1. From the list 174, 209, pick out the single residue that is over 17 Å from residue 153 (Cβ atoms) and not β-branched (Val, Ile, Thr).
2. Does residue 316 satisfy being among the aromatic types (Phe, Trp, Tyr), within 27 Å of residue 262 (Cβ to Cβ) and touching a strand residue (DSSP E or B) at 6+ places or on another chain (Cβ under 6 Å)?
3. Within segment 430-445, which residues are open to solvent by 70 Å² or more (accessible area, probe 1.4 Å) and either modelled with pLDDT of 85 or more or more than 15 Å from residue 377 (Cβ to Cβ) (or both)?
4. Out of the residues in segment 234-256 that are in a strand (DSSP E or B) and open to solvent by less than 10 Å² (accessible area, probe 1.4 Å), which is farthest from residue 269 (Cα to Cα)?
5. Taking the options 215, 269, name whichever one is free of Cβ contacts under 8 Å to residues at least 24 places away in the same chain and open to solvent by 50 Å² or more (accessible area, probe 1.4 Å).
6. Go through segment 84-105 and give me each residue that's under 20 Å from residue 244 (Cα atoms), open to solvent by 70 Å² or more (accessible area, probe 1.4 Å) and among the aliphatic types (A, V, I, L, M).
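The values are calculated or read from the model by the stated rules, or taken from the named source; none is laboratory data. The structure presented is a predicted model; accordingly, all values stated were derived computationally and were not measured. Every residue, glycine among them, receives a Cβ derived from its backbone with ideal geometry; neighbour counts consider all protein chains shown. With ligands, DNA and RNA removed, areas are computed over all heavy atoms of the protein, side chains included. Shrake-Rupley method; radii C 1.70, N 1.55, O 1.52, S 1.80 Å.
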Amino acid sequence: MNDRPQAAESPQEAATGDDNLRASWTNTPHDNQGETEARSILPAQTSTAEGYGFEDVDGPDEETLKARRAELDEAKRLANVQRINEIAAEEYLKLCGRDVARKKFNAEQMSAAASQRKLRLLDGWAFMEEDEGDDTPVWGTADIPLWAVGEPLMIFGPNGVGKSTLSHQLVFARIGLVDQVMDLPVLASPGKVFYVAADRPKQIKRAMRRLRKPEQREVLKERLIVHKGPLPFDVTVDKDALADLAQSHGATTIFIDSLKDVCPKPSNEEAANGYNSARQEAIARGIEWVEDHHNRKASDDNKTPNTIEDVYGSRWLTAGAGSVLCLWGEAGSTQVRLTQLKSPGGFIQPQDLTINHATGEIGARVVLGITDLLRNSGREGITVADAARFWSGTDKPVKRDMENARNKLKRLVEQGTAMTHKDKVDKLDRFTLSPVAAPQMKVSTGYQQDGLGFGWSP
């Protein structure tokens, strides 16, 4: 062991040691604390009198600064990630809250619907004894209902014959602005009217504007709800959706304009059945239903629609309707023919209607009644085929037209209005006006019932 006292460092040795420490400090990555410690070891400035021979110590080199910037960027990134995670957690909680609220709302709606359906469960006696009110239809008379309470109304025909125009007339009647359409009474809707303007809303808007008047502003705002464009759900899948939506707005009448835009595949049995289920769900809730639809493509044998089979699509569409009206004519014409192909009661005879395209109003031209036809035929009388051609508006009446004509003529005979005899030549039954009834009958020039039909004048 060497106990000899160590000699003091020379200035040259001290300088060499500082150089080594500086090199070590600059070449070794370090944090702020290390940098502080290093600067505490190396003086910021030394005196030449003390023998060091250099001034300020050099700072970190470029690589160290670059590494330090990278560390700072990473720290910022981690801080941002943490904040992003916090925001995501907050949004997640909000979404969970919305999901819980949605489930609660759906549960309440299902409970309300279940309660409503429960009210539909009746024993056999109660069902048959249930008061249905009087026989007053929504539109028409008890004998000739064009639109019965609790039974959907379908208005079909080609483009441009006035389907929407007729629907708009019924809308204004249902919200209480008019009380008749084509001189036939219309019941006002107890609630609002919900109009689905799915087929070219701009065109529907222009057509509906023709009817409005400045003094009707408040009624239109309070009583009519219009859904512009296609519905946000598929009624052929969700049968409750439209009824729920209408009820949420206090509506008791739904108008569909048009069926093809709510049921895009009307020929598909499943889709048509689903649509009919939605229709019947609304009816079960006390919501009346009207729809515009189109006819199938005409054939050489049947150019004018005159049977229920002329409606385009599945049979479920007409099976679920209570009344089916056909409008037929040239697109844009002021004169069209109205024919009732399905009725919950008596049929109205075909009517030649007039459409005022400037005002959107529909009237009826003077149309002869069956009694007028009998009177004009004189002693020769008319056959069942003549009456069928008269009522159907076609030269080639089908079997259904012949049966309807035969039944109506028999009713006239039973009422004493007509007589029948067998023709000696063609052996056909011929019908003439009864001598007793002839003096009492007048040619139909106004709105009057003649036993089986109506004669209207503008």
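1. Criteria check complete, one pass: 209.
2. no
3. Scanning segment 430-445 gives 436, 439, 440, 442, 445.
4. Looking at the filtered set, the residue picked out is 251.
5. From the options 215, 269, the qualifying one is 215.
6. The answer is none; no residue qualifies.
Results for (1) surrounded by fewer than 17 Cβ atoms within 10 Å (Cβ to Cβ); (2) out of contact with any Pro (no Cβ under 6 Å at 6 or more places or on another chain); (3) under 23 Å from residue 248 (Cα atoms); (4) modelled with pLDDT of 95 or more, shown as yes or no for each residue.
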site	(1), (2), (3), (4)
128	yes, yes, no, no
133	yes, yes, no, no
143	yes, yes, no, no
153	no, yes, yes, yes
172	no, yes, yes, yes
175	no, yes, yes, yes
183	yes, yes, no, no
192	no, yes, yes, yes
198	no, no, yes, yes
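Residue-by-condition table, conditions (1) more than 25 Å from residue 337 (Cβ to Cβ); (2) charged (D, E, K, R); (3) in a helix (DSSP H, G or I):
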{"position": "120", "(1), (2), (3)": "yes, yes, no"}
{"position": "132", "(1), (2), (3)": "yes, yes, no"}
{"position": "142", "(1), (2), (3)": "no, no, no"}
{"position": "158", "(1), (2), (3)": "no, no, no"}
{"position": "166", "(1), (2), (3)": "no, no, yes"}
{"position": "171", "(1), (2), (3)": "no, no, yes"}
{"position": "188", "(1), (2), (3)": "yes, no, no"}
